[in-house]
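The numbers here are math on the coordinates, done by the rules we state, and not lab data. As the structure is a computational prediction, the values presented were derived from the model and not from experiment. Please note: Cβ atoms are built from the backbone with ideal geometry, for glycine as well, and neighbour counts cover all protein chains shown.
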Amino acid sequence: MAQQVQGVIAPGRNEPVRVETIVVPDPGPGEAVVTVQACGVCHTDLHYKQGGINDDFPFLLGHEASGVVESVGEGVTEVAPGDFVILNWRAVCGACRACLRGRPQYCFNTHNARRKMTLTDGTELSPALGIGAFAEKTLVAAGQCTKVDPAVSPAVAGLLGCGVMAGIGAAINTGQVGRGDSVAVIGCGGVGDAAVVGARLAGAARIIAVDIDDRKLETAKSMGATHTVNSRSTDPVEAIRELTGGFGADVVIEAVGRPETYRQAFYARDLAGTVVLVGVPTPEMKLELPLLDVFGRGGSLKSSWYGDCLPSRDFPMLVDLHQQGRIDLAAFVTETIGLGDVEKAFARMHEGDVLRSVVVF
C-alpha cells in the first residue's frame, strides 16, 4: 500500500526548495523501500535545483544517504527488511560490456526503481541521482542498497553514498596513489578533503592541499595534508613544484571542476604524472590546452566518476576502517539539520566553513 511521507522537492529552476507530502509506492520487482535515517546536503543537489543537471522538474532531492530497508519487491535477494544500508547511485547491472569484462565499477547500465514517487496530486517526481533521499522514506532499486555494519552512525555512513566516496576513490581507485607518492589536491571542500584522506590512507609521503580559503586549508591539514598553498596569493603550480623538488606531484587531484584549476593541475604534475578530475564542471565549460604539452608530458589524464568505486566492495571496507579508528569519517559532518533547513544549508555551502550539513530524521 502506498505511503505518504514528507520530502524536499525543487519545484523549478532556482526556485527555493520546499517540504511537500510525497507518495511512495510499494516496491515492485527488484525494488526496495528504505526508511531514511540521514542524508547529506551535496553540491549535486544544488546543481539539480539550479537546473545544471537537466530540466526534469520537480526533483525529489537528496542522494547521500543511509537508512533501514523497510520492504522489498519480488525477486530481491541481496537485501532484506531490517538491513542497515548506504544508498548508492551505481547499481551495477552485471550484464553490460564493463561488467562482463570484470570491471563492474564502470557499469554502463546502472539502474533505478521503475515505479515513480509522486506528489499527492499525481505529479511524478524525478529523484536526484535515482535516489531522492531528502524524504522520510524513498523507493530505490534494490541494487542501490549496500549493507554495512549497523553500528556506524547513520550520519557518517550516508556520506559514503557520494562526496566522501568520490574523494577517497579519486585518490585510491582512479589516481592509484601509492606508498611514498607526492599528491596535490586542488579544492578543499568535502570531496577534496576526502581525497586528502584517501591519499593519506594509500601511504602518500607528501600531500599538498590547495585552496583560496585559509579556513579550508586548516581543515585539510587536520585531515592529513602535509603542506598547504593559498592560491589566492601564491601561484599553485610553482608552489607545488617547489614542494616536490622542482618536478611536480605524482598525482594531482582537481576537486573544483573548472578549466582554470584543471589547467593548474595539468601543469603541476610531474612528467608522466597523473591528473584526476573529480570536480564536476557545468555543461558550458570548455578546456583548451596545447596538444604538444599533452603529448610531451606523458602520463594520464583521468576523470573520476563516483571515485570509480564498487559500492559492495568499498562501502563496507571504509566503514570498517572508520570503526577501527583508522580514518575519521565523522570529521566530515559539520552540522546536523532537519528537512526544513535544506535551503539554508545550500546557502551555507558558499560560506567556506561547512564540509557537510546532514539531514537527520
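For the reader, a short list of remarks on this structure follows.
- Hz values of 3J(HN,Hα) by residue in the range 26-32 - Karplus curve (6.51, -1.76, 1.60), Gly and Pro given as x: 4, x, x, x, x, 10, 8
- Loop-located GluC sites (Glu not before Pro) across the range 244-315 with a Cβ neighbour count of 14 or fewer within 10 Å are 284, 288, with loop assigned by DSSP.
- The angle separating the long axis of helix 259-268 from the principal Cα axis of greatest extent in the chain is about 50 degrees.
- Share antiparallel - DSSP beta bridges, the chain, percent rounded to 5: 55
- From the C-alpha gyration tensor of the range 122-211, square roots of 5λ in Å: 32, 15, 11
- Packing-based order for 4-15, 263-274, using average beta carbon neighbours within 10 Å, highest first: 263-274, 4-15
- Axis of helix 190-202 versus longest Cα principal axis of the chain: the two differ by about 70°, to the nearest ten degrees.
- The distance separating the Cα centre of the range 87-119 from that of the range 314-359 comes to 25 Å.
- Percent of alpha-carbon pairs separated by more than 22 Å within the range 54-196: 48
- Dividing the helix sum by the residues of the chain, where each DSSP H run of 4 or more adds -39500 (n - 2.57), gives a mean residue ellipticity at 222 nm of -7000 deg cm²/dmol.
- Each of residue 343 and residue 19 was given a label point 7 Å from its Cα along the Cα-to-Cβ line. The distance between the two points is 1.3 nm.
- Estimated distance in nm for a label pair at residue 320 and residue 3, the labels positioned 7 Å out from Cα along Cα-to-Cβ: 3.1
- Separation between Cα centres of the range 176-251 and the range 2-23, rounded to whole Å: 39
- For the range 211-337, the fraction of alpha-carbon pairs in successive 5 Å shells from zero, as %: 2, 9, 14, 19, 20, 16, 12, 6, 2, 0, 0
- Computed FRET value (nearest 0.05) for residue 222 with residue 263, which takes r as the C-beta separation and R₀ as 25 Å: 0.30
- Convex hull projection area averaged over all views, the chain, Cα basis, nm²: 17.4
- Point-to-point label distance, residue 235-residue 103, nm (Cα→Cβ direction, 7 Å offset): 3.7
- Among 146, 282, 118, residue whose mean-square fluctuation peaks in a GNM of the chain (springs only between Cα atoms under 10 Å): 282
- Evaluated with a Cβ-only charge set (Lys, Arg +1; Asp, Glu -1), the chain carries a dipole of roughly 780 debye about its Cα centre, given to the nearest 20.
- Fluctuation leader among 322, 350, 47 - the chain, Gaussian network, Cα springs under 10 angstrom: 350
- Each listed q (0.16, 0.17, 0.24, 0.26 Å⁻¹) maps to a log10 I(q)/I(0) for the range 68-118 from the Debye sum over equal C-alpha point scatterers, namely -0.60, -0.67, -1.03, -1.07.
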